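Notes to accompany the following structure.
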Amino acid sequence: MSSSLIIQTDALTKVFGRGRRRKVAVNELNLHIEPHQVYGFLGVNGAGKTTTLRMILGLMRPTNGRAYVFGKDIQQHPSVLKRVGAMVEGATFYPYLSGWHNLMVVGRSMNGFDAKIAEQLLEQLGIANAKRVKFRAYSTGMKQRLGIVAALLHNPDLIILDEPTNGMDPAGIREMRHFIRELAHVHGKTVFLTSHLLSEVQATCDRLAIIHQGVLRREGTLDELLNQESVIEAEVSPIERAEAVLQANWRTERFSDNTLHIYATKENTPAIVYQLANENIDIFSIKPYQLSLEEYFLREVGIEV
């Protein structure tokens, strides 16, 4: 256990049921979340994300292993949660109260309600004009924003957000991306988030982990994960002959009817062009190819792109 990490899990495991109904939801999960960064936690539905979040927050006891927050075992030191703000499984408030009165309830259940901080957060999240509206009249995106305001009321050092952009339009998603990055890189917070919007994760997160069927598949920075292999994309014809010519030296993968992905470095481009041209294969374009997070994620969880 490292005291420098904001969150660390040590072989964290959760098993539900027994016998034939036994299901391993999270299997010996080891996460390492450093300060002042946005950390993305990715997985398909049912991968074990929410179960992991609940164990980290002390809402669920692990079957085995430990979850440490600020270097403290969350089961033994629940008071450390005073430094944590969270929105997990959607924002839930009293439907018959206004957004403002719901925030008052949340604030008074912690260290007290600071109206000035609440006003500032409502302005930053773009819902100040709706603070007197009853929560039941909020759109899904507005509910998410109010949930984030509530999570930040007590100025936490760690913020855990489950699908923070759910229900937001493109402009709102962009604003939220900027807001979350500012929390980490301007205000020194650590943000741990889940999201199904992989393009947004790629634009927002500094580091991420992929969990699949309860098992950690990958953890690292975006550069580490997406640049593990160098790929050159070539639009050629006929593609069958191009594959036959190149396969002796490089692994290839057909990307479309006339486009090949060649697993080679940029420095190999002249040799590739020479071999193709020498066999009278037409080359319409050739360039380095950057794998997207979506493509990488789908490959890791076994879904064909």
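Coordinate-derived values only; no laboratory data. In this text the structure is predicted, and so the values were computed from the model without any measurement. Cβ placement follows ideal geometry from the backbone for every residue including glycine, while neighbour counts extend to all protein chains displayed.
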Discussion item. Among Ile117, His185, Gly107, which residue has its Cα furthest toward the positive end of the charge dipole of the chain, with +1 on Lys/Arg Cβ and -1 on Asp/Glu Cβ?
Written reply: Gly107
Worksheet item: For the stretch 7-226, what number of Lys pairs, 8 or more residues apart or on separate chains, have alpha-carbon atoms under 29 Å from each other?
Response: 26
Item to complete: Return, for the Cα atoms of the chain, the radius of gyration and Dmax in Å, separated by a comma.
Response: 23.6, 76
Worksheet, complete the sentence: The helix 269-278 Cα axis meets the longest alpha-carbon principal axis of the chain at an angle in degrees, between 0 and 90 and rounded to 10, of 40 degrees
Worksheet item: In the stretch 32-158, with Lys and Arg counted as +1 and Asp and Glu as -1 at Cβ, which of these residues, Tyr138, Gly85, Leu57, has the Cα nearest the positive end of the dipole, that is, farthest along it?
Response: Tyr138
Worksheet item: Sorted by mean Cβ packing within 10 Å, highest first, what order do the peptides 20-33, 271-284 take?
Response: 20-33, 271-284
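May I ask for the net charge around Ile210, where only other residues with Cβ less than 14 Å from the Cβ of Ile210 are counted and Lys, Arg are +1 while Asp, Glu are -1?
0
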Item to complete: Kindly put Thr9, Thr259 in sequence by how many other C-beta atoms sit within 10 Å of each C-beta, fewest to most.
Response: Thr259, Thr9
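In a shell of Cβ-Cβ distance under 12 Å around His196, excluding His196 itself, what net charge do Lys and Arg (+1) and Asp and Glu (-1) give?
Working: positive: Lys49; negative: Asp162, Glu163, Glu200, Glu294.
Within the 12 Å Cβ shell, the charges total -3.
Ratio of Rg to Rh for the stretch 231-300, alpha carbon only, Kirkwood? Provide the component values of the computation, followed by the final result.
On the way: Rg = 11.8 Å, Rh = 12.2 Å.
On the Cα set of the stretch 231-300, Rg over Rh gives 0.97.
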Worksheet item: When the Cα centres of the stretch 228-305 and the stretch 64-130 are compared, how far apart do they sit, in Å?
Response: 49 Å
Practice prompt. Would you mind ranking Tyr68, Tyr263, Tyr96 by Cβ crowding within 10 Å, fewest neighbours first?
Written response: Tyr96, Tyr263, Tyr68
Worksheet item: What net charge is computed for the residues neighbouring Asp223, neighbours being all others with C-beta under 12 Å from the C-beta of Asp223, Lys and Arg scored +1, Asp and Glu -1?
Response: -1
Worksheet item: Short version: ³J(HN,Hα) in whole Hz for each residue of the stretch 4-11, in order, from phi by Karplus 6.51 cos²θ - 1.76 cosθ + 1.60 (θ = phi - 60°), x for Gly and Pro, what are they?
Response: 7, 8, 6, 10, 9, 10, 10, 6
